[in-house]
1. Say each of Lys159 and Tyr484 gets a label point 7 Å from the Cα, pointing the same way as Cα to Cβ; how far apart are those two points in nm?
2. Evaluate the relative contact order of region 40-137 (contact order divided by residue number), counting alpha-carbon pairs under 8 angstrom at least 6 apart; express in whole percent.
3. Lys127 versus Ile437, label points 7 Å from Cα toward the beta carbon: distance in nm?
4. Please arrange Lys479, Lys293 by counting, for each residue, the other beta carbons lying within 10 Å of its beta carbon, fewest first.
5. What is the local net charge at Trp28, summed over the other residues whose Cβ is closer than 12 Å to its Cβ (Lys, Arg +1; Asp, Glu -1)?
6. Just add up the charged neighbours of Glu417: K/R +1, D/E -1, any other residue whose Cβ is under 15 Å from the Cβ of Glu417.
7. Considering all projection directions equally, how large on average is the shadow of the alpha-carbon convex hull of the chain, in square nanometres?
8. With axes computed from alpha carbons, what is the tilt in degrees of helix 35-44 against the longest principal axis of the chain, rounded to the nearest 10 within 0 to 90?
Amino acid sequence: MQKIEVRNLKITDYMQLKKSMIEAYKEWEGAYWKEHHIQSLLERFPEGQICVLVNDKIVGTALSIKVDYEKFGDDHTYREITGNFTFETHDPEGDILYGIEVFIHPEFRGLRLGRRLYEARKELCEKLNLKSILAGGRIPNYNEFAHKLKPREYIEKVKMKEIHDPVLSFQLANDFHVRKVLKGYMPGDEGSLEYATLLEWNNIYYTKTQKLINAPKSVVRLGLIQWQMRPFANMDQLCEQIEFFVDAVSGYKSDFALFPELFNAPLMADFNHLTEAEAMRKLADYTIPLRDKFIEYAVAYNINILTGSMPLVRDGKLYNTGFLCRRDGTHEVYEKMHITPNEIFYWGMTGGDVIKTYNTDAGKIGILICYDIEFPELSRILAKQNLQILFVPFLTDTQNGYSRVRNCAQARAIENECYVAIAGCVGNLPKVNNMDIQFAQSAVFTPADFPFPTNGIKAEATPNTEMTLIVDLDLDLLKELHNYGSVRNLKDRRTDIYELRLVNSKRDSK
């Protein structure tokens, strides 16, 4: 049985390190670090020197320094970056973790120990909040192909697995990418013909400044309101119910409150003697006063509110519109772009033209109203704008309609590698024409990969019951998914053979 351990190197490990390194570089006589080199590294940057042991024997090592990379740039040599092997170039305030050595004793190369060293180095980079790991990588098999391939051509064939290079293939398999080809990086490297690859691994968690106040959130809490349609005598009674839910979800420290589409439809009861189109335009008279109430609640209860949707008349046309009311007092408008045949026939609604993401203190969000979620182009445009959470207020009368919204929302979460939250209305409105029955089950959907629920459902409400759904979302998991997911739907798009572009969005949000 073999016992494997990864830990920081100690000076007392030197003799074992030397023996393993001599074996690792047999083709380079005398190619091993002297004890004073290791001593210098341990004095300057002890946490950056990592070793792996098998049955208490040092069989591999990863050595690193921190550097202020602007002092060197991409055109440097190994001798320059190490300060002529003195390591005086190590900068405690540096922004880059620079790898100066990785080796594994040849007898232990089938155990994937190099991968363990690299994972430990990545963890160190994240812990120290450094931008990236950089290293100059040999391409020792290049000499066999130099007569027919330029270095860049050789690198491309290694990427495509047409050629195996023991160093570069390993680096690429560990999520490094080639930033540049270096010439004369390490004199005497005959196998590489003195070429090297400048390799980079980016730290997706790097933040330029560490803010103690108003720092970006990594865990965001949603409060979804599954709204019961019921008669209200006037707008004041409606606002009492709105404030009740805002108070409830803010009491759980939610960052967002999401209301459903056309949740204020009960106020149409007073206009039931009019045609459906006339009643909806009368309902639009309440929209701006309700918007102002939502802005007031957002500030008073310290929560970002998505107001679902309400009808709004602009330039004589009727739109299905909602508002993002931020807790800092600012607000923006969003519109339903795709209007259902029912909405056109009964209400004469017009589709909007604003397609954008919104910055908030709890992430970058998008909002699509009901039918819009059934058009994948919209959410993909938002994903290209670094969408993290997509909110979908909806209103469906039948389970068929609800299934369309739900299934499409779940698909959007997978294909755009984001969270999708849907909230709808439930109950009956017998005294409001064309709004008599509602069906909903509010939910939050996730991508489908290992860090998330296996069914892609983070949480869901009880069907057709008035309630709130409080859900925590880890935004850092999205960063991991984008870079290390089992599949990478955003990165793997074949933009060489198809494209998606925004044709027309005349109006900016106000």
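Computed from the coordinates by the stated procedures, all read-outs in this text should not be read as laboratory data. Just so it is clear, the model here is predicted, and its values are computed rather than measured. So basically every Cβ, Gly included, is an ideal-geometry build from the backbone, and we count neighbours across all protein chains shown.
1. 2.2
2. Once normalised by length, the contact order is 32 percent.
3. The answer from the label model is 6.0 nm.
4. Least to most surrounded, the residues fall as Lys479, Lys293.
5. Neighbourhood net charge equals -3.
6. With Lys, Arg at +1 and Asp, Glu at -1, the net is +3.
7. Mean shadow area of the hull around the Cα atoms is 28.8 nm².
8. The two axes meet at around 30 degrees.
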